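Below is one structure, written out as structure tokens; the observations come after it.
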Amino acid sequence: MRVGRAATFVRAHVVDAILGAITTAFGAVTLSYPFARDHGLFFYGAREWMLRGQVLYRDILDHKPPFIYWIYMLAIALFGQNAWGIRLLELVVAVPAMAWVAARLATPRGSAIPPGVLGAAWLGAGVADFGYLTYWDGAQCEIWYTLFATGGLAAVLHARREWVGCAVAGALSAAAFWTKPPCLPFVAITVGAIVAQALRQPDGRVRAALLRLGAFALAGIVVSAGVLGYFASTHALSQMGDLLIGVNSVQVRSGPGVHDFGDLVFETNKFFRDYEPVSGVLLAVATLSVARGFAARDGAGARRYLLAALLALAAWASVAMQRKFYLYHRATIIAAVAVAFAVLYREWELLLSARRERWVAPASFAAFVGVLFLLSADPSARWYGDVSVALRWKSGAIGREEFTRRYDVPEFYAYHDAELAGLWLRAHAPPDDTVVVRGFEPEIYEISGLHYTGRFCWSSFLTESWRAYRLAEWRDEDLAALRARPPHYAVALDRGLGDAESPAFFQRLGYVERARFGVYVVLERGSSGT
């Protein structure tokens, strides 16, 4: 009997498996991507925290909440110290989990997810992530906090016991917050769903709302208390508050980004246009569906795409509240796309239900999505280029330099030279040796395998005016750390933003230049160093 049920389940969900396999193959190119700056910092902080006990905020300076570091720790624990582990975790955990959450949200309460809907959501999440985001934009905080927050919404809407769903949502919302606070627009949707559920009660609505919100809040408080308790026990709580509140408030006020209404309109338009034609098609389909539903007095039909629209609005709001519309911030749109694809597939299948061949709907849907992505021009050309270069490098048709040069950003970032500097250090230093890397180039720590013993493993807070916070105090702390425990090597920048990043700064401390790779200058502590 159980064997028969298992066979029935496999047959019913073979479309999901095929669409999921297609999506995974589509995203496999990300496993060849190197680290950029943010990835390097997350990896370095996670590695030092896990292996050497250097606690975030106390021993390593950053202004991001801790959950993204714990996610990178998980990748290191599972896959070792490399650049592809976090990409694999996103490929086989984050995107499929997002697809399941989206499929659940697109399915009425109490109903099983129909065959093919999970696969369609998987395809939508994968195209939005692996197709439209560059190597710089994946493996960031955004996909994880969006997953946690929308997972909480799914728990509220679909848990058998509503108070349990509210408690799970509270815990996941807290996890989203401690991954990155701009998750709050998504959390607001979850709170609204809790209240709406309570208001549908035949009586005792206020009491029901208070009990559900209480379970939500209590679970969130427990998770947050655990986070804060850990940092209090490691004597890092004051530094944590200083960095997460003080530094971030300065950066929101004075950092680059949106400064007036015109900027906001321009960036909002770009926010959705960056996902064309997928965003345009989904907007057109949703609008027609809502209009058709109202015309036919079909409330359920009118609401069919409402949740996807709300999630898209939350995605926009989570970016707008940061005042920086960077491309990697826009990964928050993945949840909305996945839900919209799940809903669209259900309608697609109904439209083709007269055909007996079960493969017609999924095959035509996959082809439709593929054509949409091909029409995206720049994203599809970039994805094809990444795949082509990776395959040619793996096959030996091109050398490592041609491969790594693809990830350079002219006048902004030189990954190839950073890799050469890291490889030089790896070749000339034992694995447990020390190095300090100036600027914001922590990927060199991953490439070299070396570490630093001070808080300022990157120096942007010492040199960039818009990051200025405790500037004189932190410069004194940095210099004291370099003098107290001087690293064996230093990587300076010959076109740095300030003295603390220059080769001359380290030469005054007794370091001698050993090698140059583009803007990166590798120095070694001389016998006269103090």
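The values are calculated or read from the model by the stated rules, or taken from the named source; none is laboratory data. Quick caveat: nothing in here was measured; it's all calculated off a predicted structure. Ideal geometry is used to build each Cβ from the backbone, glycine not excepted, and the neighbour counts take in all protein chains shown.
Would it be correct to say that S376 is touching a Leu at 6+ places or on another chain (Cβ under 6 Å), surrounded by 15 or more Cβ atoms within 10 Å (Cβ to Cβ) and in contact (Cβ under 8 Å) with a residue 40 or more places away in the chain? Answer is no for this residue. Tell me, yes or no, whether region 55-63 has at least one residue that is within 20 Å of the chain's Cα centre (by Cα), surrounded by fewer than 23 Cβ atoms within 10 Å (Cβ to Cβ) and at pLDDT below 95. Scanning region 55-63 turns up at least one residue that is within 20 Å of the chain's Cα centre (by Cα), surrounded by fewer than 23 Cβ atoms within 10 Å (Cβ to Cβ) and at pLDDT below 95.
On inspection, P277 passes the criterion of being at pLDDT 85 or above and either in the same structural domain as Y345 (by TED's automatic domain parsing) or farther than 30 Å from S465 by Cβ (or both).
Scan region 391-414 and give yes if some residue there is of a type in the set (D, E), over 16 Å from V278 (Cβ atoms) and in a helix (DSSP H, G or I), otherwise no.
If we filter region 391-414 for residues that are of a type in the set (D, E), which is where we start, we get 401-402, 408, 411.
Subset that is over 16 Å from V278 (Cβ atoms): 401-402, 408, 411.
Imposing the further condition that a residue be in a helix (DSSP H, G or I) reduces the set to 401-402.
The answer is yes, given that some residue of region 391-414 is of a type in the set (D, E), over 16 Å from V278 (Cβ atoms) and in a helix (DSSP H, G or I).
Would you point out the residue of region 432-462, among those that are part of a loop (DSSP other than H, G, I, E, B) and polar (S, T, N, Q), that is surrounded by the most Cβ atoms within 10 Å (Cβ to Cβ)? Applying the filter and picking the extreme gives S459. Restrict the check to region 154-170 and report whether at least one residue is under 18 Å from K64 (Cα atoms), part of a helix (DSSP H, G or I) and either touching a Phe, Trp or Tyr at 6+ places or on another chain (Cβ under 7 Å) or in contact (Cβ under 8 Å) with a residue 60 or more places away in the chain (or both). Among the residues of region 154-170, not one is under 18 Å from K64 (Cα atoms), part of a helix (DSSP H, G or I) and either touching a Phe, Trp or Tyr at 6+ places or on another chain (Cβ under 7 Å) or in contact (Cβ under 8 Å) with a residue 60 or more places away in the chain (or both), which makes the answer no.
Where in region 7-109 are there helices (runs of 4 or more DSSP H), lying wholly inside it, with at least 1 residues that are touching a Cys at 6+ places or on another chain (Cβ under 6 Å)?
On the way: elements: 14-27, 37-52, 67-79, 85-89, 95-105.
Because the criterion is at least 1 residues that are touching a Cys at 6+ places or on another chain (Cβ under 6 Å), the helices (runs of 4 or more DSSP H) in region 7-109 that meet it are 67-79.
Of all residue pairs spaced 6 or more apart or on separate chains, those with beta-carbon atoms under 7 Å, a first member in region 398-425 that is free of Cβ contacts under 8 Å to residues at least 12 places away in the same chain and a second member that is buried (at least 17 other Cβ atoms within 10 Å of the Cβ) and hydroxyl-bearing (S, T, Y) are D408/Y415.
Would you check if V512 is closer than 18 Å to R455 by Cα, β-branched (V, I, T) and at pLDDT 95 or above?
On the way: closer than 18 Å to R455 by Cα: no; β-branched (V, I, T): yes; at pLDDT 95 or above: yes.
In short, no.
If you check L425 against the conditions, is it part of a helix (DSSP H, G or I) and under 28 Å from the mean Cα position of the chain (by Cα)? No: the conditions fail for L425. If the condition is being over 11 Å from E90 (Cα atoms) and either among the β-branched types (V, I, T) or part of a loop (DSSP other than H, G, I, E, B) (or both), then region 123-142 contributes V127, Y132, L133, T134, Y135, W136, D137. Residues in region 403-437 that are in contact with a Pro (Cβ under 8 Å, 6 or more places away or on another chain) and either of a type in the set (S, T, Y) or more than 24 Å from R52 (Cα to Cα) (or both): T404, Y407, Y415, T434.
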